[in-house]
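Read through the structure below, which is laid out as structure tokens, and then see the notes.
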């Protein structure tokens, strides 16, 4: 009986020891999770895994965002993964956002292209403890940490002032926008209209979408110029549009057409240098990417972020087009 009693005591001791060790491990793990949710690293050696979801992979604009984000990630010791549709596709972007949430990444940087569609998914990520920063296009009613990028209404207003400066007080205007559903494009169009509408002699006679496609921009611009031969100035609100307008104008021998673009693609800057495009409103994609990762690092250190960080835009014309190469 004594042997059985001692064996029982030994088994009970082993069981209690196991439970104590398991409880200690669980408590340690829970402590790490709590630290992460409060914006502090779980351990000194932890490398955060960030995903940046782009509007379109291998697009020159997003390649600049990548370079800036990659530079900052290296500086702060983070692992960053770049993904996005090969061809502009909002639904695929949302699917990639869902995949990043399912993978339990440490943070996500993404556009808020359409607030109605993106806000619920961004909120889902935040609810699961994954901080989200919106870049290039905001989703202000979501629970995102902050927004980094252009004030797109103000950028549209800058386009409008360029139109007035280029066309004077009278003229018929055609506009090619990158998308009919992307919030940043609609905001730029709104800003452009707000300035044009202040001048009774100026009129926007047609607005069409390129769907961020160079070929579509050419087609839409050509159709618009055939339908509205009275158009004297055309404006593009995405990086693809002005170059498409230029090619359409050349094919229709509309050499007197005045063209204003957006962003600082190499071909756009070259066309400005040749006098084929009057000017462009350039963003700072490298700085956007760099700033987004820097702000995530600050969040992980427990610092409070502002609701938005607006990056400046710059007007580039023949006098300063070369400066656009470094933005």
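The values are calculated or read from the model by the stated rules, or taken from the named source; none is laboratory data. Since the model is a prediction, treat every value here as computed from it, not as a measurement. Reconstructed Cβ throughout: ideal geometry from the backbone, glycine too, with neighbour counts over all protein chains shown.
Quick notes
- One residue alone among 201, 273 is surrounded by fewer than 20 Cβ atoms within 10 Å (Cβ to Cβ), at negative phi and in contact (Cβ under 8 Å) with a residue 40 or more places away in the chain, and that residue is 273.
- Filter pass, residue 134 being at pLDDT 95 or above and either surrounded by fewer than 19 Cβ atoms within 10 Å (Cβ to Cβ) or in the same structural domain as residue 187 (by TED's automatic domain parsing) (or both): no
- Residue satisfying condition, being surrounded by fewer than 21 Cβ atoms within 10 Å (Cβ to Cβ), within 30 Å of residue 304 (Cα to Cα) and free of Cβ contacts under 8 Å to residues at least 60 places away in the same chain, within set 207, 153, 164: 153
- With a requirement of 1 or more residues that are farther than 30 Å from residue 170 by Cβ, at pLDDT 95 or above and outside the structural domain of residue 160 (by TED's automatic domain parsing), the helices (runs of 4 or more DSSP H) lying completely within the stretch 230-327 that satisfy it span 285-300.
- Among the residues making up the stretch 311-327, those that are out of contact with any strand residue (DSSP E or B) (no Cβ under 7 Å at 6 or more places or on another chain) and under 18 Å from residue 64 (Cα atoms) are 312, 321, 322, 325, 326.
- Meets criteria (outside any strand (DSSP E or B) and modelled with pLDDT under 95) for residue 15: yes
- Scanning the stretch 227-239 finds one or more residues that are buried (at least 20 other Cβ atoms within 10 Å of the Cβ), in contact with a helix residue (DSSP H, G or I) (Cβ under 7 Å, 6 or more places away or on another chain) and free of Cβ contacts under 8 Å to residues at least 60 places away in the same chain.
- Counted residues, the stretch 190-226 - those being in contact with a helix residue (DSSP H, G or I) (Cβ under 7 Å, 6 or more places away or on another chain), under 23 Å from residue 267 (Cα atoms) and in a helix (DSSP H, G or I): 6
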